[in-house]
């Protein structure tokens with residue numbers, strides 16, 4: 001509006017061309033000195049028309065995100081890939097939020113609404129979204145049909161097992177039958193009812209079958225598997241019976257569970273033991289499981305440090321403190337951080353950008369904040385210079 005001629009625009013309040021987040025009064029002929037602050041309204045308009053520039057798309061692959069969400073979403077693999085480690089672990093522990101979270105994340109990915117840890121949208125190119133929709137629908141429909149067929153076969157087997165079978169022994173002649181009857185009345189003792197070969201109830205059989213299915217899918221503690229069966233609707237008695245008759249080695253289950261956790265995230269030894277205890281394993285089972293799979297603190301500490309750096313910026317001292325909080329010793333945390341190839345000046349620059357995304361700082365205040373985060377004075381100076389302050 002700097003080139004507006006008198007009479008072209010009516011008098012009123014308009015966005016201030018010299019100050020973002022404010023309005024200035026235009027009297028119909030020229031700008032006045034009256035201004036007032038306004039709440040900024042973010043739009044998708046091109047930059048320079050009172051909106052912010054659209055965020056760049058995510059560097060994560062749409063195809064990879066979709067496949068991980070579809071095939072391994074129950075284990076949170078898609079969220080680990082997007083850098084959302086915290087929610088990924090929760091999704092893993094709840095088996096995809098009991099399938100609801102898995103379905104929501106898959107739908108968000110297919111709709112092009114999924115964002116990575118930096119808040120950038122994961123977008124598909126060309127026909128990728130259309131192919132993803134088609135394949136996902138096919139897989140889900142096929143799974144539903146397969147489950148229905150399996151359920152039907154199981155019902156038929158139970159029905160056939162309950163049907164009485166005709167005796168293959170020929171009936172004796174009438175006279176012989178009378179003689180046999182007289183003999184049985186005179187000589188044989190009172191008949192005693194025989195115990196059935198299988199005394200399991202139908203509900204116990206189903207619970208045992210469900211317990212075996214779960215153990216083929218992932219590792220469980222004894223109490224965790226009982227809880228899962230109760231969640232599926234089995235009574236406490238049937239769930240406990242099934243778990244105690246499924247033949248599981250709970251020490252080996254603890255080792256399998258520990259291995260599964262280490263496949264998706266890094267843990268300190270004490271942190272992994274605490275996680276297994278939370279899953280319902282006993283202290284002996286948890287300690288055994290961790291000992292079977294743990295290859296030393298160094299590699300895990302380095303992997304954990306790298307996973308933190310993949311998500312956000314850290315100073316050297318700040319990253320060591322974070323690893324100590326996770327249960328690593330100071331010596332292990334220090335060795336792990338120093339084993340990584342990290343440019344701490346660039347980390348300071350990235351941290352400065354993170355702060356400016358959420359708040360306003362003067363140059364000196366931002367330097368102080370970076371020093372508080374553990375950066376050296378020289379690193380803090382470099383970080384602030386890199387953002388133009």
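Taken together, the values in this text are just the output of simple stated rules run on the coordinates, not laboratory data. Treat the numbers as computed from the prediction; the structure is a model and nothing was measured. Reconstructed Cβ throughout: ideal geometry from the backbone, glycine too, with neighbour counts over all protein chains shown.
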What percent do you get for the relative contact order of segment 62-131 when only Cα pairs under 8 Å and 6+ apart count?
31
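In whole percent, what relative contact order does segment 307-386 give with Cα contacts below 8 Å and a gap of six or more residues?
Values: 69 pairs, mean separation 30.4, N = 80.
Computed value for segment 307-386: 38 percent relative contact order.
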Starting with the fewest neighbours, write out 324, 279 ranked by other beta-carbon atoms found within 10 Å of each beta-carbon.
324, 279
As a footprinting exposure proxy, order 208, 387, 135, 243 by other Cβ within 10 Å, with the fewest listed first.
135, 387, 208, 243
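If we count other beta carbons within 10 Å of each Cβ, what is the order of 31, 133, 344, 66, fewest first? Write down the numbers at each step before the final one.
Numbers: 31 17, 133 13, 344 20, 66 25.
Placing the least packed residue first, the sequence is 133, 31, 344, 66.
Quote the FRET efficiency, to the nearest 0.05, computed for residue 362 versus residue 339 with a Förster distance R0 of 41 Å and r equal to the Cβ-Cβ distance. Working shown, then result.
Values: r = 37 Å, r/R0 = 0.89.
The pair residue 362/residue 339 has a calculated efficiency of 0.65.
Please state the equivalent ellipsoid semi-axes for segment 307-386: what are the square roots of 5 times the Cα gyration tensor eigenvalues, largest first, in whole Å?
In descending order, the three semi-axes are 23, 12, 11 Å.
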Within segment 329-357, backbone nitrogen closer than 20 Å to the virtual label 7 Å beyond the Cα of residue 372 toward Cβ:
347-357
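Only Cα pairs under 8 Å and at least 6 apart count here; give the relative contact order of segment 219-293 as a rounded whole percent.
Details: 71 pairs, mean separation 30.7, N = 75.
Relative contact order, segment 219-293: 41 percent.
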Roughly speaking, what is the stretch gain from residue 209 to residue 227, that is 0.36 nm per residue apart minus the C-alpha to C-alpha distance, in nm to one decimal?
4.9 nm
